[in-house]
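For reference, the structure is listed below as structure tokens.
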Amino acid sequence: MDDGIRLSRLMAQQGLCSRREADRLIAAGQVRVDGVVIDQLGSKVHPLAAIELTSEARRQRAALATVLLNKPPGIVSNQPEKGYPEAVSLITEENHASSDDFPKRRIPKAQSLHVAGRLDIDSSGLLVLTQDGTVARTLIGPQSRIEKEYHVGIEGNITEAALQHLRHGLSLDGRALRPARITQTGSTQLQFVLTEGRKRQVRRMCELVGLSVRTLVRVRIGRVHLGRLRRSQWRHLASGEVF
């Protein structure tokens, strides 16, 4: 079908899986389109075609792990630095939160987990590690508008003018930032709610208005909250918990 859409792309658009995972499932003969198995990579289908995964594919998808970690300062998210451990090194039995909805689920292998939305080495709080490309695309894909909330300790004089600039009008690396919700919650405390994740964005925004960050904690991603998860502890994403 010359005027169709690649099946793997349509599957990703519909949130069934990532395009890479779609190609794997197609090649394995685990995808049906309008009731017919499609196993040729690059196949095009009608945009309104009914796509269905086989029961085995659905089982494999359900087994993909997504975990939430309360990352402490001094831990790198996913780019090794000499002398500093990576976040995946904390995904151990010893750090498994007792409040996890899935206390007996197998601990995912570190090499299979990928960080979806980094925190810099000096920051702490909610970090998502996942085996599921769909989750990663939802959180950090180019079209993502998922909110991220940060509680930030500030050094410097927090003025109304600074707050207005933080909310709208700043640029980083030659590109304008999306509008942000910035609330002063104390004499030296700000709450940031962003819908993008540029490198060290909060710290760099503050520098542009003459402020510096003393502490930074991410407490929410979308509808998922850090809650009572203690530093260095992790848990599985709960049933029905979505970003």
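The values are calculated or read from the model by the stated rules, or taken from the named source; none is laboratory data. None of these values were measured; they are calculated from a predicted model. Positions of Cβ are generated from backbone atoms using ideal geometry, with glycine treated the same way; all protein chains shown enter the neighbour counts.
Working only within the range 196-209, note down all residues that are surrounded by 14 or more Cβ atoms within 10 Å (Cβ to Cβ), more than 22 Å from THR138 (Cβ to Cβ) and not basic (Lys, Arg).
Start the filter on the range 196-209 by keeping residues that are surrounded by 14 or more Cβ atoms within 10 Å (Cβ to Cβ), which leaves 196-198, 200-206, 208-209.
Imposing the further condition that a residue be more than 22 Å from THR138 (Cβ to Cβ) reduces the set to 200, 203-206, 208-209.
Hits for the range 196-209 are MET205, CYS206, LEU208, VAL209.
Taking GLU56, is it out of contact with any Gly (no Cβ under 9 Å at 6 or more places or on another chain) and farther than 15 Å from LEU113 by Cα? Before the answer, list the steps.
Working: out of contact with any Gly (no Cβ under 9 Å at 6 or more places or on another chain): yes; farther than 15 Å from LEU113 by Cα: yes.
Taking the combined requirement at face value, the residue satisfies it.
Residues that are in a loop (DSSP other than H, G, I, E, B), among the hydroxyl-bearing types (Ser, Thr, Tyr) and surrounded by fewer than 18 Cβ atoms within 10 Å (Cβ to Cβ) within the range 87-143 comprise THR92, SER98, SER99, listed in sequence order.
Please tell me if SER239 is in a loop (DSSP other than H, G, I, E, B), loosely packed, with under 14 Cβ neighbours inside 10 Å and in contact (Cβ under 8 Å) with a residue 40 or more places away in the chain.
yes
This table checks each residue for (1) of a type outside the set (Asp, Glu); (2) under 25 Å from the mean Cα position of the chain (by Cα); (3) more than 30 Å from GLN233 (Cα to Cα).
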{"residue": "GLU21", "(1), (2), (3)": "no, yes, no"}
{"residue": "ALA28", "(1), (2), (3)": "yes, no, yes"}
{"residue": "GLY35", "(1), (2), (3)": "yes, no, yes"}
{"residue": "VAL67", "(1), (2), (3)": "yes, yes, no"}
{"residue": "ALA87", "(1), (2), (3)": "yes, yes, no"}
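The set of residues in the range 210-231 that are in contact with a helix residue (DSSP H, G or I) (Cβ under 8 Å, 6 or more places away or on another chain) and surrounded by fewer than 17 Cβ atoms within 10 Å (Cβ to Cβ) comprises GLY210, SER212. Could you list, in sequence order, all residues of the range 213-236 that are assigned to a loop (DSSP other than H, G, I, E, B), among the basic types (Lys, Arg) and modelled with pLDDT of 95 or more? The answer is ARG223, ARG230, ARG231.
May I ask you to list the residues in the range 24-54 that are more than 18 Å from VAL135 (Cβ to Cβ) and among the charged types (D, E, K, R)? Answer for the range 24-54, where residues must be more than 18 Å from VAL135 (Cβ to Cβ) and among the charged types (D, E, K, R): ARG32, ASP34, ASP39, LYS44, GLU52. Is one or more of the residues making up the range 17-38 closer than 26 Å to VAL224 by Cα, modelled with pLDDT of 90 or more and small (Gly, Ala, Ser)? No, the range 17-38 contains no residue that is closer than 26 Å to VAL224 by Cα, modelled with pLDDT of 90 or more and small (Gly, Ala, Ser). Of the residues examined, LEU119 is not one that is over 28 Å from MET11 (Cβ atoms), of a type outside the set (Asp, Glu) and within 10 Å of the chain's Cα centre (by Cα).
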